[in-house]
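Report on the following structure.
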Amino acid sequence: MDRAWRRQLDASDRLTGEMLRLASREFADDIEDAWADFNQQEIPAPLEKYPDERQIFSPYFLFEWDPDRPLRQRGSKPRVGLIAQSFVLKAWNRLSDLERMILEQATVQPVSFYDVVRCDPGERIVLRDILIGGETEVVERSASKVLRPGDIAYAQIWHLPEVATLGRLAPIPIPPSRKSEIVGLRAKMRKKITKQSRELAALDLVRNAEEIRATYLNIRDAMRMPPRFCNTDGDPLNFHTLKFRIGSAQAAFDALAPLAWGCTKEELLEDADLGEDGTLHSIEFAWAKGGNKKFETWDNTILGKLKISGQSLVAEVNSANRAAKLRQEVEQRLRMLAVHESTVAQTPEEMMKENGERKTSPRLGSDAERKALDLDPELKREAEMAMKWQVESWIYQKLSVLGGRTPADAVGDPDGKEIVEALLLDWERQGERAARSGQLRPDIGAVRRLLKLDLPVA
């Protein structure tokens, strides 16, 4: 197996080396046009900005690119790209049988999405074609060290004598959380052939190569974008601190206490700082409302935090919309008894940077003090119960990635079940990262049992 893989690798290197030299001599002026066609954009980001993308673009340029090819391919045979056509005319007679076979595989095998089923690092990978099914053991020395079971690869497999190898592979492993887009593509492709009473086949993937690549490009571009943090109202996260000068703590509390949905004044005052005569010195409470439009199982939504101390009111919220609404509430309820002094906004990135700097500051206390808080059994038990409730209630939440269905409903059909499995796998990975950093880890096994899904094989 190792000798067969080495022979294939040497032949592939010779073949692509010759084709690249031909491309640099005769098609150098076409690279930008080919890059635009690959990205399906008139003016894509420069290739130099994403050098790793060459490993998936170069095979497209050498074997597939043809500026005159129609977007939808017809006929029973795959069409060979412009550079490959020119190379065949010039060099076919001096190619070895193995080089000819590699050239044929590079032009006829589809580029598809594959689940990584198993990895033997430095040796091989077992891949399952998500679009047409079937598993293939691929000898692969480098990618097998990077990929892990559950990843999704956008790739092309070459079936050669004694060995299967990767002819091309996108530089980014696609996480399982993006699988719904690929399952949606598969459903769309299946719908096209419903009248033919057959399953999707490799030739269907070749005919729909542009649409398949468009799905890869959408996923790639989404993964490149910085994360967009939002609150449960859908507003971009932007932390605001509002400061007001107030006439008295008691008057401000009486006017603003109704903002604490679900709590009476008496309940709020249990945690207040009161003078011996019962005078209110300071109090802190949450601005809340009933229910949550994103999570139907939530009883309430915490919108912000208010702290009244002497003649000062400080409010904290996590979006510009909530800041504007809260300021309006304060000024309407207190009128002349409140004067807005300032509003300071911070992005999540700015706040994380500031928190990172604070973690190195001795003002936060010793490591022993922080560990004592982390190990507080009462706090830990409450956090575990809250996480357990959130995790288990997830199965009854309507998710856009499932077409507005809940996971409990979606597992009833094969496509929905496949997406739910991928989401749980992605959640488990997040749990692994949380465990490494000492954070609580959700029990995804409990969710699997509630959904009657098989536990993953270790």
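Values in this text are rule-based calculations from the coordinates and carry no lab data. Keep in mind the model is a prediction, meaning the values are calculated, not measured. Here the Cβ is made from the backbone with ideal geometry for all residues, glycine too, and neighbour counts use every protein chain on show.
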query: Rg to Rh ratio, the stretch 1-81, alpha-carbon atoms and Kirkwood radius?
result: 1.03
field: At 0.692 mPa s and 37 °C, Stokes D of the stretch 129-285 from Kirkwood alpha-carbon radius, µm² per second
entry: 151
- prompt: Among 171, 82, 96, whose Cα sits farthest toward the positive end of the charge dipole of the stretch 25-177 (+1 at Cβ of Lys/Arg, -1 at Cβ of Asp/Glu, about the Cα centre)?
  reply: 96
Distance violations [Cα-Cα > 21 Å] among 191/417; 191/398; 179/398: 191/398
message: Could you tell me how far the Cα centroid of the stretch 251-315 sits from the Cα centroid of the stretch 1-35, in Å?
response: 68
query: With point charges of +1 on the Cβ of Lys and Arg and -1 on the Cβ of Asp and Glu, referenced to the Cα centre of the stretch 262-331, which listed residue (291, 279, 312) lies farthest in the positive direction of the dipole?
result: 291
task: Please report, in debye to the nearest 20, how large the charge dipole of the stretch 2-224 is about its Cα centre when each Lys and Arg carries +1 at its beta carbon and each Asp and Glu carries -1 there.
output: 740
query: Cβ under 10 Å from residue 66's Cβ, residue 66 left aside: what net charge do those residues give with Lys, Arg +1 and Asp, Glu -1?
result: -1
field: Fewest-first ranking of 223, 101, using other Cβ atoms within 10 Å as the exposure measure
entry: 223, 101
query: the stretch 114-188: D in µm²/s via Stokes-Einstein (Kirkwood Rh, Cα pairs, 20 °C, 1.002 mPa s)?
result: 172
- prompt: What size of dipole, in debye to the nearest 20, comes out for the stretch 140-265 about its Cα centre when the only charges are +1 on Lys and Arg C-beta atoms and -1 on Asp and Glu C-beta atoms?
  reply: 220
statement: Once Lys and Arg are counted +1 and Asp and Glu -1 for all other residues with Cβ under 15 Å from that of residue 197, the total becomes +3
message: Test of understanding: what is the full-extension gain from residue 96 to residue 49, defined as 0.36 nm times their sequence separation minus their Cα-Cα distance?
response: 13.3 nm
- request: Would you mind counting up the charge near residue 273? Only other residues with Cβ under 12 Å from its Cβ, with Lys and Arg at +1 and Asp and Glu at -1.
  value: -3
query: Which entries in the list 90/192; 265/325; 49/192; 243/265; 325/452 go over 32 Å, if you measure between the two C-alpha atoms of each?
result: 90/192; 49/192; 325/452
message: Charges at C-beta only: +1 for Lys and Arg, -1 for Asp and Glu. How large is the resulting dipole of the stretch 1-40 about its Cα centre, in Debye rounded to 20?
response: 480
message: Under 25 °C and 0.890 mPa s, how fast does the stretch 2-224 diffuse according to Stokes-Einstein, given a Kirkwood radius computed over C-alpha pairs? Answer in µm²/s, whole number.
response: 135
